[in-house]
Amino acid sequence: MKDTIKSKQMAFLILAVFLTLTLTQAMEGAQVKATSEDSSLEHQIDEILNDQRLDGALAGVSVRSAETGTLIYDNVGDVRLKPASNMKLFTGAAALETLGPDYTFTTSVLTDGSIKGKKLHGDLYLKGEGDPTLMEEDLEAFARAVKKAGIREVKGDLLADDSRYDDVRLSEDISWNDESNYTAAPISALTLSPNEDYDAGTVIVDAYPAGAEGGEAEVRVIPDNGYVEIVNKTETVASDQPKEISIERTHGTNQIVVEGEIPLEGTRSRSWIAVSDPAGLALDVFHKALVNEGIKVTGDKREDGKISEAADSLVSKESMPLEELFVPFMKLSNNGHAEVLIKEMGKVVHDEGSWDKGLEVVENFLHDNDVNADTMRLRDGSGMSHVNMIPANEISRLLYQVQDKEWFPAYLNSLPAAGNSDRFIGGTLRNRMNHTAAEANVQAKTGSLTGVNSLSGYVTTEEGEELIFSIVLNHYIGGVQSIVDEIAVTLAEYNTE
């Protein structure tokens, strides 16, 4: 009997040892598996998104293989979100496909009159066809060409012709308090840029301290013109006082109010201010250039000109090709360029330079390239609208689909490069992700609006795998740019080993 009890006890002991060893092995296996899972790309991005700053927000994240297009990571990637300036990825791709990388815009000076002696008997026209890079120096060259043609007096009117596009200046979702901001400049086929950032339809307003306390600040406008009216309500204060200068255009006018205090020997204050009608500004600056060349215009300056087919060209200028324009357009995220491209596509394809027809071209391009435009709402070309809605998965799908296009090298080159301090290389990413694996690696389009931060583009992992990603964060309250950058850096650092 005792031997039987001992035998049973021994059997139970052996069984207990076996179960203990089996459980230990299972736990160790689970730990190994957990460790493996913890190092996965999915887990790493999930951890980044588990940030209290995203509580109550939406985070659309989509990662694909650049080689196969296979979706590697997806967090609410099919949810429609506001893309902000990631909208430019769609506008830019459609423009390169529709217009081509060699496409240029023309600006011309024409007349329907005749030259007798040194007088032009008839009207002189400045005709714009969409060039957002036209500058004061170009209008000065036009004036010299008019003079070279033997004209010293125009016995008629000076007219602006911007009839290539419709007369709707602002896309429908621009709010009234954005109207004087350079990011929402009116769109016209005849427009002027103040410098080589090519913020068309704007002037640069600089305020410098006076030579003594109590004096008004010295205000300068680039280009110098009589189209805008400066109202100076400033005062120069002691050098140890703070600078508090505001520069705003009064709603519905071309009156720019500069007010506040600027310290003696302090730095200038500078703002880009959108004018109410870009064609009027271009015409005024051209008139000034003619006067400086000794050419008298006896008639009026008119912004309602439409050239007859019988008009003859005196001089014209071609813009830089679209491939070159894409550098300031995408690197600096130029909203005006995007909207010009929308209207130009509408004009070229449907003979109507409007937002409706231009966006129709974009939608058709997306359908033709297996990107689901039916799940989107597109309202402008720049992404300024808070009504645009695009899923992150469709942004990454677009970036995958365009890789085989002949124009793709120009498209890729136009994207900001992380950590490169050169504005026309690093663009809006020049001060981001410095000294990380993403520096000189991530090429991507940024985007930001109130409550919106986006970044979509291309990256190579530590193993050399090329990935496409789209990150679109919406409805947050605090700052989240560091979250976006952390995801991009994680992709650059990723190694499966």
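We did not get these values from a lab; they are worked out from the coordinates using the rules stated. Note that the structure is predicted; figures quoted are calculated from it, not measured. Here the Cβ is made from the backbone with ideal geometry for all residues, glycine too, and neighbour counts use every protein chain on show.
Each label point is 7 Å from the Cα along the Cα-to-Cβ direction; what then is the distance between the points at ALA212 and SER313, in nm?
If labels sit at ALA212 and SER313, their model points lie 5.6 nm apart.
Add +1 for every Lys or Arg and -1 for every Asp or Glu among the other residues with Cβ under 9 Å from the Cβ of ASP380, and state the total. Intermediate results must be reported in sequence, preceding the final value.
Working: positive: ARG379; negative: GLU172, ASP173, GLU339.
Summing Lys and Arg as +1 and Asp and Glu as -1 gives -2.
Using Cβ counts within 10 Å as a stand-in for footprinting exposure, how do HIS337, HIS121 rank, fewest first? List each step's numbers first, then the result.
On the way: HIS337 27, HIS121 14.
Ordered by Cβ neighbours within 10 Å, fewest first: HIS121, HIS337.
Would you compute, from DSSP H runs of 4+ residues alone, the mean residue ellipticity of the chain at 222 nm, taking -39500 (n - 2.57) per run and dividing by the full residue count, rounded to the nearest 500? Could you put the intermediate results ahead of the total?
Values: 11 runs with 151 residues, N = 497.
Counting only the DSSP helices, I get -10000 deg cm²/dmol.
Using only the Cα atoms of the chain, what semi-axes does the equivalent ellipsoid have when each is the square root of 5 times a gyration tensor eigenvalue? Give whole Å, largest first.
59, 27, 17
Given just the C-alpha atoms of the range 257-388, how large is their convex hull per residue in cubic angstrom?
234
Work out from phi, with θ = phi - 60° and the Karplus expression 6.51 cos²θ - 1.76 cosθ + 1.60, the ³J(HN,Hα) of each residue of the range 99-106, listed in order in whole Hz, and give x for Gly and Pro.
Result, rounded to whole Hz: 9, x, x, 8, 5, 10, 10, 10.
Can you give the charge dipole size of the range 202-274 about its Cα centre, rounded to the nearest 20 debye, using +1 on the beta carbon of Lys and Arg and -1 on the beta carbon of Asp and Glu?
Using only the charged Cβ atoms, the result is roughly 320 debye.
Which value results for Rg/Rh of the range 202-274 when Rg is the Cα radius of gyration and Rh the Kirkwood radius based on the inverse mean 1/r?
Details: Rg = 11.9 Å, Rh = 12.2 Å.
Result for the range 202-274 is an Rg/Rh of 0.98.
Looking at the calculated P(r) for the range 361-450, what percent of the C-alpha pair distances fall above 15 Å?
67
Placing +1 on the Cβ of each Lys and Arg and -1 on the Cβ of each Asp and Glu in the range 202-274, which of GLY266, VAL228, ILE245 has its Cα farthest towards the positive end of the resulting dipole?
Final value for the positive-end residue is VAL228.
Round to a whole angstrom and tell me the spacing of the C-alpha centers of the range 304-321 and the range 439-466.
Using only Cα atoms to place each centre, the spacing works out to 41 Å.
Kindly express, to the nearest 10 degrees and within the range 0 to 90, the angle between helix 481-493's C-alpha long axis and the longest C-alpha principal axis of the chain.
60
Round to the nearest 0.05 the FRET efficiency obtained for GLU463 and HIS350 when R0 = 56 Å and r is the Cβ-Cβ distance.
Approximately 0.75, to the nearest 0.05.
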